[in-house]
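The structure under discussion appears below in the form of structure tokens.
The values are calculated or read from the model by the stated rules, or taken from the named source; none is laboratory data. None of these values were measured; they are calculated from a predicted model. No Cβ is skipped: glycine too gets one built from the backbone with ideal geometry, and neighbour counts run over all protein chains shown. Note: areas computed on protein heavy atoms with side chains; ligands, DNA, RNA excluded. Shrake-Rupley method; radii C 1.70, N 1.55, O 1.52, S 1.80 Å.
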Amino acid sequence: DPPHRMDAIFEFERSHMRLHTLIAQCSDCPALVEAIERSRVLINNWLLNLAADLDPLPARWHRDLVRDVCDGDMLTADAAMRRHVTYR
């Protein structure tokens, strides 16, 4: 991979981890934050994406997730998060 592609992948994954950590922190559920940190699921996904040479998800994927989580409807947020975590 060209160096600029690896830099872009690194920046995407770093931002991805920050986004999901922030969502967990905003849930006011310390157990969720701890589970994400302990499981290293985001880091494992990062390594899987690199090993399988998968392209990052389109920007709309996370934009739509944030919209659905922040719109105030718990059922919409729940469905969006479930869709998101079962995708890959």
Pair residue 22, residue 52: separation of 7 Å Cα→Cβ label points (nm): 2.6 nm
Portion, in percent, of the accessible area of the chain that falls on carbon or sulfur, probe 1.4 Å: 62 percent
Point-to-point label distance, residue 86-residue 59, nm (Cα→Cβ direction, 7 Å offset): 2.9 nm
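With a cut-off of 8 Å between alpha carbons and a minimum separation of six or more residues, what is the relative contact order of the chain in percent? Display every interim value, and only then the final one.
On the way: 28 pairs, mean separation 14.4, N = 88.
Averaging sequence separation for qualifying contacts and normalising by length gives 16 percent for the chain.
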C-alpha long axis of helix 30-39 to longest principal axis of the chain, angle in °: 20 degrees
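Can you give the Kirkwood hydrodynamic radius of the chain from its Cα pairs, in Å with one decimal? Walk me through the numbers on the way to the answer.
On the way: mean 1/r = 0.0714 Å⁻¹.
Mean inverse Cα-Cα distance, inverted, gives 14.0 Å.
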